[in-house]
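Undergrad: Pasting a structure below so you can have a look.
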């Protein structure tokens, strides 16, 4: 609706003019509180406009233009603080969600609501990361113990063969040279030592095998609980055995997918959420938060996830080339930093693309 008004009461019904005047008064109050210098002419025009709106007096076209110029000049004085940001950081102008109404809590500003939402998202991402990291550690232990059983079994086999050989030599020496106690004593000690080592390996094998069996059984039980169907004792036992076999086959591929794809995405999303939360809190305290930027935050989270995945890929390439990432940086930390600093990663990639493009250009003739 235009503010070039024809009748004396038309301004009174122009809600847009009233909102602009209220915004101007809010900015003027903020400038006064912060000790900002507002030109007297700007202040006078804005106050006169507010008086006219309160009394229902008409605006002329020139007065409306003067009001808009004065409002623009005031916005330059208070920049980056705007009337919108003052409203979005004011608890009195906030809203109460269903939970806050149920608990009888007071309303909070839009900025605090956004900060709480991203804090909750960060907490959920952290919970997912913790669960997946626990699974990764559990899977590594299971795979290590499974491989350890194979290795120790082979070592035990070799020691058993060596013990049997020493035993045979001891029996032969007892028949061939029964009066050589030194040689017999040496062979006897060798047999005893080999027997002790075989027994110790057997105990380690049993421990590793029990841990592996119980671990795969636990995973199988989890998979069984996720299924629905017949729950008779026989069916449960058969389903448990089948789930345990499947868990033993799937544990390594699942751990690879989680470590190579899912966790980098989550760490990237966590880094982006941490940056957004920090930015919102900083802008909230500076009173420069503007709800119109909230729609951009989702895109930043997606970019952070892509950065986390891409940096995980490049980190694996680097680790394959140099065996160790410089500075002790882990892939998880690199993915987090990639999500936190989206602009820095994009800048590096742009520079790399320009270098490659310039290098690939044919030399001028």
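Undergrad: Conditions: (1) closer than 14 Å to residue 87 by Cα; (2) free of Cβ contacts under 8 Å to residues at least 40 places away in the same chain. Residue 290 meets all but one. Number of the miss?
TA: Here residue 290 meets the rest and fails (2).
Undergrad: Same structure again: Would you be able to tell me the number of residues in the range 78-95 that are part of a helix (DSSP H, G or I) and either surrounded by 16 or more Cβ atoms within 10 Å (Cβ to Cβ) or in contact (Cβ under 8 Å) with a residue 60 or more places away in the chain (or both)?
TA: So the answer is 7.
Undergrad: Quick check on this structure: which one of 119, 31 is part of a helix (DSSP H, G or I), buried (at least 18 other Cβ atoms within 10 Å of the Cβ) and under 45 Å from the mean Cα position of the chain (by Cα)?
TA: Step by step, each of 119, 31 is checked, and only 31 is part of a helix (DSSP H, G or I), buried (at least 18 other Cβ atoms within 10 Å of the Cβ) and under 45 Å from the mean Cα position of the chain (by Cα).
Undergrad: In the set 61, 109, which member is crowded, with 16+ Cβ neighbours inside 10 Å and at negative phi?
TA: 109
Undergrad: Please enumerate the residues belonging to the range 34-55 that are in a loop (DSSP other than H, G, I, E, B) and surrounded by fewer than 14 Cβ atoms within 10 Å (Cβ to Cβ).
TA: Once the filter is applied, which keeps residues that are in a loop (DSSP other than H, G, I, E, B) and surrounded by fewer than 14 Cβ atoms within 10 Å (Cβ to Cβ), the range 34-55 yields 35, 37, 39.
Undergrad: OK, next. Of the conditions (1) within 39 Å of the chain's Cα centre (by Cα); (2) outside any helix (DSSP H, G or I); (3) more than 18 Å from residue 284 (Cβ to Cβ), residue 58 satisfies every one except a single condition; which number is it?
TA: Unmet condition: (1).
Here is a yes/no grid of residues against (1) in contact with a strand residue (DSSP E or B) (Cβ under 8 Å, 6 or more places away or on another chain); (2) farther than 18 Å from residue 82 by Cβ; (3) modelled with pLDDT of 80 or more:
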| residue | (1), (2), (3) |
| --- | --- |
| 3 | no, yes, no |
| 21 | no, no, yes |
| 31 | no, no, yes |
| 44 | no, yes, yes |
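Undergrad: While we're looking at this one, here's another question. I'd like the full set of residues that are assigned to a helix (DSSP H, G or I), in contact with a helix residue (DSSP H, G or I) (Cβ under 8 Å, 6 or more places away or on another chain) and closer than 18 Å to residue 302 by Cβ, limited to the range 329-345.
TA: Answer for the range 329-345, where residues must be assigned to a helix (DSSP H, G or I), in contact with a helix residue (DSSP H, G or I) (Cβ under 8 Å, 6 or more places away or on another chain) and closer than 18 Å to residue 302 by Cβ: 335, 336, 337, 338, 339, 340, 342, 345.
The values are calculated or read from the model by the stated rules, or taken from the named source; none is laboratory data. Because the structure is predicted, anything quoted here is derived from the model rather than measured. Glycine gets a Cβ as well: all are built from the backbone with ideal geometry, and neighbour counts include every protein chain shown.
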